[in-house]
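This report concerns only the one structure given below.
The values are calculated or read from the model by the stated rules, or taken from the named source; none is laboratory data. Only a predicted model underlies this, so the values are computations on that prediction, with no experimental measurement involved. Cβ placement follows ideal geometry from the backbone for every residue including glycine, while neighbour counts extend to all protein chains displayed.
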Amino acid sequence: MTSALRLDAIRKMQGGRELFSDVTLDVAAGGSVALVGASGVGKTTLLRIVAGLERPDAGDVWIAGRRVTQSRSILVPPHQRGIGFVFQDLALWPHMTVGQSLTFVLESAAPAVSRLEHRRLVDETLRLVHIDGLGDRYPHQLSGGEQQRAAFARALVHRPPLLLLDEPFSSLDFDLRHEMRTTLRELRGAFGFATVFVTHDREEASAVAARTIALTFGGP
Amino acid sequence: MITGRGLVFASAMAMLAAICVAPLVVLLTAPAWVGRWDAYRSAILDARQIGLLVNSLRIAGSVAVVATAIGGFMGFLLARAPIRARNVVRLGLCVPVLIPTYALALAWIFATSLESFAARLVGLDVIVPLTYSPVGAIIVLAIALYPVPMLATEAAVRRIESRLEEAALLVAPAARVLTRITLPLLWPAIASSALLTFVLALSDYAVPNLLRQRVFTTEVFTAFAALYDSTRAAALALPLLAMALVVAYLIVRRSAGVVDVSRPSSRIGIGFPGIRPLALTAVVCVFGIGAGLPVGTLGIEARSLGAIREALARSGSAIGESLVLASVAATITAAVALVLGHRRARSTRSLAHWADAALIALFAVPGTLIGVGLIELWNRPGLSGVVYGTSAIIVIAYLARFMPVAILIVSAGVRRVSQSTEEAAALSGAGWIRTMRHIVIPQIAGSLVVAWVIVFVLAFGEVGASVLVAPAGHTPYPVQVLTLIANTRPEHVAALALVQTLVVVCALSVASVYLALSPRRHD
């Protein structure tokens with residue numbers, strides 16, 4: 001079976017020192033992995049390398065059996081990798097409503113699909129993340145939990161096979177965090193995507209992923 | 001009980017009101033005091049007034065469009081293109097806004113004259129009619145003002161949180177991210193800078209005066225200086241002030257979500273490594289047209305170092321006096337701006353918006369209106385008359401024109417300083433003055449220097465107000481040049497304008513070196 005994500009001996013230097021090296025990882029289709037580690041160890045950088053937002057100094061990245069990064073070369077640009085990304089600070093576009101954001105993603109990722117289908121996908125995604133009816137709201141008109149759900153909706157509306165999450169629950173209170181973990185499990189059940197979840201909280205890592213990998217200074 | 005802080009703030013506010021606001025109030029109420037109510041009616045209904053309005057709006061509107069197109073593009077390149085020595089390039093591109101507009105207009109006149117290289121190259125029939133035309137005024141003012149939208153756009157691009165673009169890059173190519181994410185996020189800043197450029201073009205006096213365009217500012221001057229008709233000047237002032245107020249309100253409203261919300265992004269968003277050659281070509285072209293061409297034209301027209309030496313010998317004392325007056329004005333302005341800029345930065349959001357709107361409106365008031373207002377206010381028997389007869393009135397005119405912009409600059413600097421650093425000082429027992437001296441000022445020294453230099457440079461080139469208020473025997477240097485144009489050899493005028501431009505460039509260079517070498521640059 002083809003892996004959703006494979007990392008081969010990834011190395012990254014930062015500010016003249018080695019951030020990590022020889023990071024090798026295999027995530028099966030539909031599988032889930034949590035990357036844990038202290039602040040500054042390079043968890044977010046590794047996720048950005050997977051997304052194609054940063055280049056490694058060595059090593060290959062494979063997504064769905066296709067080599068997308070080879071050493072310092074980006075072979076496949078981020079928007080052609082078929083991934084969803086939930087940023088730590090959510091990065092919701094302030095000038096677009098939730099519905100407009102989701103439509104923008106669909107128009108970019110699936111331009112051949114009809115508007116009617118786009119509309120259906122937007123409505124379905126909003127319903128699945130429990131913010132149906134909030135599609136015409138701007139980010140600043142949403143509560144913290146609703147913003148979190150809107151970020152999930154944007155990352156998943158085009159049904160990517162791989163979802164990357166960069167400490168998405170770090171700013172939430174205990175109850176909301178618990179609620180969002182449940183939502184994430186529901187969404188994985190509905191869409192079957194693989195996840196790579198970055199966190200510094202080992203308890204959260206074991207709650208959201210089947211496998212936990214500790215990243216330490218210099219490598220795993 | 002009045003605290004030291006309250007007393008200092010009240011004094012600064014009183015100074016702002018007396019110097020910037022009172023002349024305008026006196027000017028606007030002048031017709032009412034003499035029972036000339038018809039002046040107000042003619043301000044709106046007069047056919048001549050409407051013609052002036054159309055001409056002024058046409059020129060200022062075109063300037064805003066052209067300057068924003070150039071400045072917006074250059075600002076984006078400065079923020080995102082891989083340009084080496086970016087600070088030096090930025091400074092070079094800012095030179096045109098600091099060259100007095102009369103010098104740029106003179107360079108334009110020389111560059112499009114019968115004997116000019118451009119006329120020989122393109123053809124007399126194409127170039128010469130442009131010299132004294134609305135197109136000429138638009139080109140000169142657009143060159144003078146494009147740095148305003150350039151700096152605003154660059155700052156806005158840097159403030160865009162890179163993750164907003166990265167989130168879009170995961171699903172869309174860079175070009176689509178640029179049009180759908182980056183540009184809409186930049187739009188409020190670009191629109192605000194276009195509006196500011198519009199009012200600055202509307203308030204310029206030197207360019208339309210030299211290029212013989214009838215606009216509000218030149219008419220105000222004619223009404224007062226030639227016809228001694230202050231009620232007509234007041235009537236002409238009304239539409240200008242109304243536009244300044246409306247535009248200031250729009251700028252603040254549009255900028256509300258942009259100006260204060262975030263610090264510069266920690267990462268650069270979409271990079272464009274492939275556009276380096278395009279960026280370098282654009283920088284060379286814009287710098288060449290904006291700074292190289294005017295300075296080169298003045299240099300060629302001055303013909304020799306002898307002409308410059310002669311200009312210095314003839315006008316050396318005027319240059320000296322102008323430098324002193326501009327320095328005094330810049331120093332007083334920086335002191336007042338420190339107090340009021342700090343207060344504005346630490347006020348509530350709604351109060352801050354109104355304060356910004358008022359300050360932008362005051363900065364947008366044309367110099368000729370301020371000049372007429374100052375004459376109405378100060379030219380009276382008694383102590384005010386004594387002040388009016390000295391060069392102090394020129395300093396007051398500079399303060400009236402440039403105090404608002406200095407307050408805005410300093411307040412932007414204070415906003416970048418965490419309020420908790422001041423609160424920590426207060427909790428340690430430091431009073432307001434001690435906190436300002438040891439905590440605030442060291443952190444905003446850069447902003448204070450920038451405010452000082454900008455006011456100094458603008459004051460040194462100011463003509464709109466000082467041409468009206470300058471007492472006999474104390475004519476500022478740029479006013480002297482302006483009055484010499486009609487009856488002096490072109491090479492002498494060119495040499496005078498060149499000297500002024502070189503002084504400005506020297507002042508800028510000194511300030512840049514200071515800012516670059518300053519070991520404690522926090523802002």
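Just to verify a result, which residue in the range B:1-42, among those that are assigned to a loop (DSSP other than H, G, I, E, B) and not small (Gly, Ala, Ser), is modelled with the lowest pLDDT? Here the answer is B:Met1.
Just one of the listed residues (B:Ile70, B:Ile83, B:Ile19) is closer than 30 Å to B:Ile433 by Cβ, of a type in the set (Val, Ile, Thr), in contact (Cβ under 8 Å) with a residue 12 or more places away in the chain and in contact with a helix residue (DSSP H, G or I) (Cβ under 7 Å, 6 or more places away or on another chain), namely B:Ile19.
Considering each of B:Val157, B:Val199 in turn, give the residue that is out of contact with any strand residue (DSSP E or B) (no Cβ under 7 Å at 6 or more places or on another chain), in contact (Cβ under 8 Å) with a residue 12 or more places away in the chain and farther than 27 Å from B:Val283 by Cβ. It would help to see each step written out before you state the result.
Numbers: B:Val157 fails: farther than 27 Å from B:Val283 by Cβ.
Within the list B:Val157, B:Val199, the selection yields B:Val199.
The residues on offer are A:His140, A:His158, and the sole one that is in contact (Cβ under 8 Å) with a residue 60 or more places away in the chain and within 13 Å of another protein chain (Cβ to nearest Cβ) is A:His158. Against the conditions (1) within 11 Å of chain A (Cβ to nearest Cβ); (2) in contact with a Cys (Cβ under 9 Å, 6 or more places away or on another chain); (3) of a type outside the set (A, V, I, L, M, F, W, C), B:Pro147 satisfies every one except (1). Selection of the range B:164-176 for residues being at the interface with chain A (Cβ under 10 Å from one of its Cβ atoms), part of a helix (DSSP H, G or I), surrounded by fewer than 23 Cβ atoms within 10 Å (Cβ to Cβ) and free of Cβ contacts under 8 Å to residues at least 60 places away in the same chain yields only B:Arg176.
Restricting attention to the range A:143-155, the residues that are surrounded by fewer than 23 Cβ atoms within 10 Å (Cβ to Cβ) and within 11 Å of another protein chain (Cβ to nearest Cβ) add up to 0.
Determine, yes or no, whether A:Pro139 is farther than 23 Å from A:Val41 by Cβ and over 12 Å from the mean Cα position of the chain (by Cα). So A:Pro139 passes the test.
On the stretch given as the range B:380-404, residues that are buried (at least 24 other Cβ atoms within 10 Å of the Cβ) and of a type in the set (Gly, Ala, Ser) total 2. When the range A:204-215 is examined, which residues are found to be crowded, with 16+ Cβ neighbours inside 10 Å and polar (S, T, N, Q)? Answer for the range A:204-215, where residues must be crowded, with 16+ Cβ neighbours inside 10 Å and polar (S, T, N, Q): just A:Thr212. Filtering the range A:187-203 to residues that are buried (at least 19 other Cβ atoms within 10 Å of the Cβ) and part of a helix (DSSP H, G or I) leaves only A:Leu187.
Among the residues that make up the range A:115-136, is at least one of them more than 12 Å from A:Ala150 (Cα to Cα), aliphatic (A, V, I, L, M), surrounded by fewer than 19 Cβ atoms within 10 Å (Cβ to Cβ) and within 21 Å of the chain's Cα centre (by Cα)? No, every residue in the range A:115-136 fails to be more than 12 Å from A:Ala150 (Cα to Cα), aliphatic (A, V, I, L, M), surrounded by fewer than 19 Cβ atoms within 10 Å (Cβ to Cβ) and within 21 Å of the chain's Cα centre (by Cα).
Per-residue answers, yes or no, for (1) within 25 Å of B:Gly464 (Cα to Cα); (2) without any contact (Cβ under 8 Å) to a residue 40 or more places away in the chain:
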| residue | (1), (2) |
| --- | --- |
| B:Ala357 | yes, no |
| B:Ala364 | yes, no |
| B:Val372 | yes, no |
| B:Leu377 | yes, no |
| B:Ser391 | yes, no |
| B:Ala406 | yes, no |
| B:Val417 | no, no |
| B:Glu423 | no, yes |
| B:Gln443 | no, no |
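If you go through the range A:43-101 and keep only what is within 13 Å of chain B (Cβ to nearest Cβ), hydrophobic (A, V, I, L, M, F, W, C), within 30 Å of A:Arg119 (Cβ to Cβ) and outside any strand (DSSP E or B), you end up with A:Ala51, A:Leu53, A:Val76, A:Phe87, A:Leu90, A:Ala91, A:Leu92, A:Trp93, A:Met96.
Has the range B:151-163 got at least one residue that is within 14 Å of chain A (Cβ to nearest Cβ) and either modelled with pLDDT of 90 or more or not in a helix (DSSP H, G or I) (or both)? Taking every residue of the range B:151-163 in turn, at least one turns out to be within 14 Å of chain A (Cβ to nearest Cβ) and either modelled with pLDDT of 90 or more or not in a helix (DSSP H, G or I) (or both). Listed conditions (1) more than 28 Å from B:Ala412 (Cβ to Cβ); (2) more than 14 Å from chain A (Cβ to nearest Cβ); (3) not small (Gly, Ala, Ser) are all met by B:Thr179, apart from (2).
Here's the yes/no breakdown for (1) over 24 Å from the mean Cα position of the chain (by Cα); (2) part of a helix (DSSP H, G or I); (3) touching a residue at least 12 places away in the same chain (Cβ under 8 Å); (4) within 19 Å of B:Phe76 (Cβ to Cβ):
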| site | (1), (2), (3), (4) |
| --- | --- |
| B:Leu106 | no, yes, yes, no |
| B:Asp125 | yes, yes, no, no |
| B:Val140 | no, yes, yes, no |
| B:Pro149 | no, yes, yes, yes |
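Please find, among B:Ala47, B:Ala67, the residue that is small (Gly, Ala, Ser) and within 25 Å of B:Ile360 (Cα to Cα). Before you say what the answer is, go through the steps one by one.
Values: B:Ala47 fails: within 25 Å of B:Ile360 (Cα to Cα).
Only one candidate qualifies: B:Ala67.
Checking the conditions here, which among A:Leu121, A:Leu184, A:Leu172 is farther than 17 Å from A:Val27 by Cβ and in a helix (DSSP H, G or I)? From the options A:Leu121, A:Leu184, A:Leu172, the qualifying one is A:Leu121. Checking each residue in the range A:102-114 for being in a helix (DSSP H, G or I) and either surrounded by fewer than 19 Cβ atoms within 10 Å (Cβ to Cβ) or hydrophobic (A, V, I, L, M, F, W, C) (or both) picks out A:Leu102, A:Phe104, A:Val105, A:Leu106, A:Glu107, A:Ala109.
Kindly establish whether B:Thr368 is in contact with a helix residue (DSSP H, G or I) (Cβ under 8 Å, 6 or more places away or on another chain), in contact (Cβ under 8 Å) with a residue 40 or more places away in the chain and among the polar types (S, T, N, Q). Explain how you work it out, then say what you get.
Details: in contact with a helix residue (DSSP H, G or I) (Cβ under 8 Å, 6 or more places away or on another chain): yes; in contact (Cβ under 8 Å) with a residue 40 or more places away in the chain: yes; among the polar types (S, T, N, Q): yes.
For B:Thr368, the condition - in contact with a helix residue (DSSP H, G or I) (Cβ under 8 Å, 6 or more places away or on another chain), in contact (Cβ under 8 Å) with a residue 40 or more places away in the chain and among the polar types (S, T, N, Q) - is met.
Counting the residues of the range A:178-204 that are more than 17 Å from the chain's Cα centre (by Cα) and among the basic types (Lys, Arg) gives 1. If you check B:Val135 against the conditions, is it away from chain A (no Cβ under 14 Å) and either more than 23 Å from B:Ala451 (Cβ to Cβ) or part of a loop (DSSP other than H, G, I, E, B) (or both)? When the stated conditions are applied, B:Val135 passes them.
Based on what the data block shows, is A:Thr44 closer than 29 Å to A:Arg149 by Cβ, surrounded by fewer than 21 Cβ atoms within 10 Å (Cβ to Cβ) and in contact (Cβ under 8 Å) with a residue 60 or more places away in the chain? Here the answer is yes, as A:Thr44 does meet what is asked.
Okay, residues lined up against (1) buried (at least 16 other Cβ atoms within 10 Å of the Cβ); (2) hydroxyl-bearing (Ser, Thr, Tyr); (3) modelled with pLDDT of 85 or more; (4) under 28 Å from B:Leu145 (Cβ atoms):
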position: B:Phe287; (1), (2), (3), (4): yes, no, yes, yes
position: B:Glu301; (1), (2), (3), (4): yes, no, no, yes
position: B:Leu312; (1), (2), (3), (4): no, no, no, no
position: B:Ser322; (1), (2), (3), (4): yes, yes, yes, yes
position: B:Ala326; (1), (2), (3), (4): yes, no, yes, yes
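Among the residues of the range B:47-78, those that are buried (at least 18 other Cβ atoms within 10 Å of the Cβ), of a type in the set (Val, Ile, Thr) and within 26 Å of B:Leu241 (Cα to Cα) comprise B:Ile59, B:Val63, B:Val66, B:Thr68. Of the residues making up the range A:41-94, just one is over 19 Å from A:Thr24 (Cα atoms) and of a type in the set (Asp, Glu), namely A:Asp89.
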